[in-house]
1. Across region 3-405, how large is the tail of the calculated P(r) beyond 33 Å, expressed as a percent of all Cα pairs?
2. By what distance, in whole Å, do the Cα atoms of region 327-390 stretch along each of the three principal axes, largest value first?
3. By the gyration tensor of its Cα atoms, with a ≥ b ≥ c the square roots of the eigenvalues, what is the shape of region 127-175: rounded for a/c under 1.5, prolate for a/b over b/c, or oblate?
4. Given a 10 angstrom Cα cut-off, can you work out which residue in Glu290, Glu137, Glu215 is the most mobile in a GNM of the chain?
5. Over the chain, with a Gaussian network built from C-alpha contacts below 10 Å, which listed residue (Met147, Met372, Met101) shows the highest mean-square fluctuation?
6. Could you calculate the contour length gain from Leu76 to Val130, that is, 0.36 nm times the residue separation minus the distance between their Cα atoms, to one decimal place in nm?
7. In nm, give the distance between the simple-model label positions of Ala174 and Lys312, each being 7 Å from the Cα along the Cα-to-Cβ direction.
8. Just to be sure I follow the rule: in the chain, considering lysines 8 or more places apart or on different chains, how many pairs have Cα atoms under 15 Å apart?
Amino acid sequence: MRIGEVFLGILTAVGGFVDISELVFGAQAGSRFGFALIWVFAFATIGIMVFGEMSGRVAAIAKQPVFNLMRHRLGLKMGLVTLIASLASNLITCAAEIGGMALVLHLLTGAPVSLLAVASTLALIASVWVLPFKWIERSYGLLGLFMIVFAVAVVAIHPPWAQVASAAIPNIPAGLTSSELLTYAYFVVAIVSAVMFPYETYFYSSGGIEDKWTEKDLGVNRLTTLVGFGLGSLLAISILVSAAQLFGPLHIDPQMPGTVALEAAIPFGKAGLLLALLGMLFAISGAAVETCLANAYSVSQFFGWEWGRYKKPWEAPRFTLAWLAVFVTGLALVLTGIDPLTLVEYAVVFSILVLPLTYLPLLLLAGDRTYMHSHANGPVAKILGWSFYAIIVLAALAALPLFVMTSGGQL
């Protein structure tokens with residue numbers, strides 16, 4: 001087993017769970033509803049593990065990344081609708097990550113945010129251009145592990161562990177008003193969307209092909225989904241628990257990354273603050289790379305272009321232009337002055353609307369013995385896959401009305 005490949009899962013998980021959206025959504029969820037939303041993170045984590053494992057298994061056995069099979073399974077018209085919606089969602093998310101990087105760097109340096117957004121984008125472009133795929137996943141995966149300071153900080157503040165554990169069971173807090181109940185429902189849908197962002201499976205399955213996975217790597221695939229996504233979920237839940245303990249009683253709404261970083265600063269002082277900011281910077285950077293490459297993978301696979309970071313940039317010119325265009329367009333959105341957190345809200349809504357179309361062809365192919373042979377979905381994978389798919393469809397139907405009725409969770 002090539003244990004080094006676990007870094008693919010770590011990068012996907014840290015960049016998927018603890019990007020700019022989870023930093024704020026997790027902290028706001030804890031501040032507003034205490035421990036009550038822990039179960040949503042736990043539930044959605046199982047979902048992304050199920051679909052992540054499927055996407056990796058399909059990549060290893062059928063050699064099919066998500067958008068290559070999207071066109072064949074959904075047809076050209078429906079596949080194109082999914083592609084456009086996915087590109088929009090990923091682009092908005094990438095812009096939010098670039099803006100998030102600039103905000104964190106501003107806290108570290110004091111330099112102007114717009115200048116730091118430009119510098120961040122150039123650094124991201126340089127890293128993707130120069131580094132081979134293995135080093136992209138390992139570098140951002142390792143550096144993002146600074147985020148573990150949030151898990152250590154939770155232990156240091158001694159939360160009521162019995163209450164934390166009991167919140168892993170689905171619950172609705174008592175005494176909520178009708179508007180608070182709607183906001184709670186919005187957070188449930190938003191967290192499911194943020195944890196199960198489609199770009200995670202696009203990036204993960206394409207990464208498995210980049211790493212030339214075969215049947216021998218199915219064990220690595222299971223390990224990366226369990227360890228990587230499990231770690232990401234642990235960090236996101238840690239942020240929620242700390243916010244419930246530190247911000248909730250004081251009625252502080254942690255809307256900015258700097259406020260979230262205080263979760264580590266309170267128990268550990270300046271050292272904790274520095275580690276938190278560095279962890280946030282690299283986790284958000286990893287998410288920016290994931291979303292950018294996910295868009296380039298998607299459009300290249302859909303139209304049959306040459307793609308892959310294992311090739312030199314000039315050997316896959318349209319793929320290279322695609323990821324460069326995502327970074328540049330994302331930067332342009334940030335430079336308009338729009339709040340990165342507003343971008344996050346739009347990205348989450350777009351994402352949940354795309355999820356049903358993203359995961360349907362994956363479910364169909366993973367269960368097709370013509371392609372998967374003896375590695376097609378078994379009874380457990382079928383039950384979990386279709387159960388989560390039904391829940392995703394319900395969440396997609398509820399997302400837009402809840403977003404409108406709660407003003408993006410601000411009521």
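1. 25
2. 52, 24, 14
3. Here region 127-175 falls in the prolate category.
4. Answer for the Gaussian network model of the chain: Glu215.
5. Most flexible of the set in this elastic network: Met372.
6. 16.0 nm
7. Once both label points are built, they end up 6.9 nm from each other.
8. 6
Computed from the coordinates by the stated procedures, all read-outs in this text should not be read as laboratory data. Predicted model only: the values in this text are computed from it and were never measured. Cβ: placed from backbone, ideal geometry, glycine included. Neighbour counts: every protein chain shown.
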